[in-house]
């Protein structure tokens with residue numbers, strides 16, 4: 001599965017309901033499971049982003065569908081980054097080197 005890093009910021013709605021943030025994360029994990037993806041971990045952060053989620057999904061379309069579902073709830077805005085592990089990067093370098 002591919003790895004994605006999701007950077008999230010609370011909306012006004014989301015921050016007003018901050019007490020529900022851990023429950024919303026459980027709900028997100030369940031929604032990911034229905035899509036064939038997995039929530040690896042979630043971190044609540046200080047700085048420019050309020051949360052960072054590590055997600056594994058079978059493809060970009062699934063990861064994008066998950067971000068759309070999450071954003072449609074109105075509690076967060078997302079930025080999703082495709083992440084490459086050491087092995088994947090080694091294969092990429094091998095292809096680039098020819």
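Which numbered condition trips up residue 49, out of (1) within 13 Å of the chain's Cα centre (by Cα); (2) closer than 14 Å to residue 76 by Cβ; (3) assigned to a helix (DSSP H, G or I)?
Unmet for residue 49, out of (1) within 13 Å of the chain's Cα centre (by Cα); (2) closer than 14 Å to residue 76 by Cβ; (3) assigned to a helix (DSSP H, G or I): (3).
Read through the list (1) modelled with pLDDT of 95 or more; (2) more than 29 Å from residue 20 (Cβ to Cβ), then give the number of the only condition that residue 98 fails.
It fails just one condition, (1).
Tally the residues that are assigned to a helix (DSSP H, G or I) and surrounded by 14 or more Cβ atoms within 10 Å (Cβ to Cβ), restricting the search to segment 52-63.
Looking only at that region, the number is 2.
I'm checking my understanding of the structure. Among residues of segment 65-89 that are exposed (fewer than 14 other Cβ atoms within 10 Å of the Cβ) and in a helix (DSSP H, G or I), which one is nearest to the chain's Cα centre (by Cα)?
The qualifying residue nearest to the chain's Cα centre (by Cα) is 68.
Please count how many residues of segment 1-20 are within 15 Å of residue 73 (Cα to Cα) and touching a residue at least 40 places away in the same chain (Cβ under 8 Å).
7
Kindly check whether there is at least one residue in segment 34-45 that is outside any strand (DSSP E or B) and under 15 Å from residue 78 (Cα atoms).
Scanning segment 34-45 turns up at least one residue that is outside any strand (DSSP E or B) and under 15 Å from residue 78 (Cα atoms).
The values are calculated or read from the model by the stated rules, or taken from the named source; none is laboratory data. Computed from a predicted model, the values in this text were never measured in an experiment. Backbone-built Cβ (ideal geometry, glycine too); neighbour counts: all protein chains shown.
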